[in-house]
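Below: the structure, in structure tokens.
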Amino acid sequence: MPSWIFAFFAALAVIPAARADDISGKATLCASCHGENGVPADPKIPVIWGQNAGYLYIELRDFKRGARASEMMAPMVADMSRDDMMALAEYFSKKPWPTLGQKPADDATAERAQKVANSAQCSQCHLAGFLGASLVPRVSDQGFDYLLATMEAFRSGTRANNAWMTDLMKAYSDDDIKALAAYLAGL
Ligand code: HEC
Ligand code: HEC
């Protein structure tokens, strides 16, 4: 076998490692907001550590397309390739979900939230424990301020990348949405 074949395969073998370095380098930028250890720097910034990879990718794509508007995220993805978005989604999905230490909702709040959750059949999509899968996000133990803000943004149409979630949230009052946020944050 000619020796260049070995060189060729040796080169192929180093590609994944180089790629992983490349991505963890890009991911350091994300840590300034999403947290060094997965705990976001501000309560309005979502946890991305341990989030489902398919969902993370869809959001990066939607920020880039402008389907989901965000002054902070738009510049992050403006020049990002699909491969980098997929690699970052994969990278963050493999990290452990951080401990935010949020308290469980009180009984009255939990009861109100569960009533809404049952009527809307949230768990048909967000699944047991609200852990989601694939393109559906985990919402349990996500930060309270972020959950509240993003559900309100769906309802008002400020977050316009999922018509289903918008229609669903329109059916609920401020107090219902607050109860859902407190309940999910405390799970
Ligand atoms: C300057 C702060 C900042 C930086 C840096 C940043 N983000 Fe964000 N990110 C945010 C904010 C704020 C949101 C919430 C946007 C909204 O809902 O309006 C967000 C949302 C997200 C979401 C959606 C999560 C969800 O639950 O819907 C993903 C995915 C994400 N960021 C990934 C990244 C990645 C990957 C990087 C690094 C390339 C990064 N972010 C860098 C501030 C930042
Ligand atoms: C038909 C399936 C479906 C149902 C039912 C559903 N969701 Fe969702 N939900 C989704 C999908 C898909 C997304 C991601 C949308 C996107 O691409 O940005 C989402 C996004 C969310 C988000 C944003 C998460 C984040 O990280 O930004 C929250 C919060 C949420 N749902 C809460 C709920 C609650 C509470 C209920 C019940 C009241 C519910 N959902 C019912 C499919 C569903």
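Taken over the Cα atoms of the chain, the convex hull encloses 133 Å³ per residue. Express in whole angstrom the spacing between the alpha-carbon centres of the stretch 33-87 and the stretch 108-187. Going from one Cα centre to the other spans 19 Å. Which angle from 0 to 90°, rounded to the nearest 10, does the C-alpha axis of helix 3-34 make with the longest principal axis of the chain? Roughly 30 degrees between the two axes. Electrostatic tally near Arg155: other residues with Cβ closer than 14 Å to its Cβ, Lys and Arg +1, Asp and Glu -1, net -2. Shown here for the stretch 30-73: trypsin sites (Lys or Arg not before Pro) in loop regions (DSSP other than H, G, I, E, B) with at most 12 other Cβ atoms within 10 Å, of which there are none. With N the number of residues in the stretch 117-187, Rg(Cα) / (2.2 N^0.38 Å) evaluates to 1.00. Across the cross-link table entries Lys26/Lys64; Lys44/Lys94; Lys64/Lys94; Lys64/Lys95; Lys64/Lys178; Lys26/Lys95, which are compared at the Cα atoms, the separations over 20 Å belong to Lys44/Lys94; Lys64/Lys94; Lys64/Lys95; Lys64/Lys178.
Loop-located trypsin sites (Lys or Arg not before Pro) in the stretch 93-164 (DSSP state other than H, G, I, E, B) with a sparse environment of at most 14 neighbouring Cβ atoms within 10 Å: Lys94. Only the Cβ atoms of Lys and Arg (+1) and of Asp and Glu (-1) were treated as charged; on that basis the dipole of the chain about its Cα centre amounts to roughly 340 debye.
Since every read-out is calculated from the coordinates, none of them should be taken as a lab result. Everything quoted here is computed from the prediction, not taken from an experiment. Cβ: placed from backbone, ideal geometry, glycine included. Neighbour counts: every protein chain shown.
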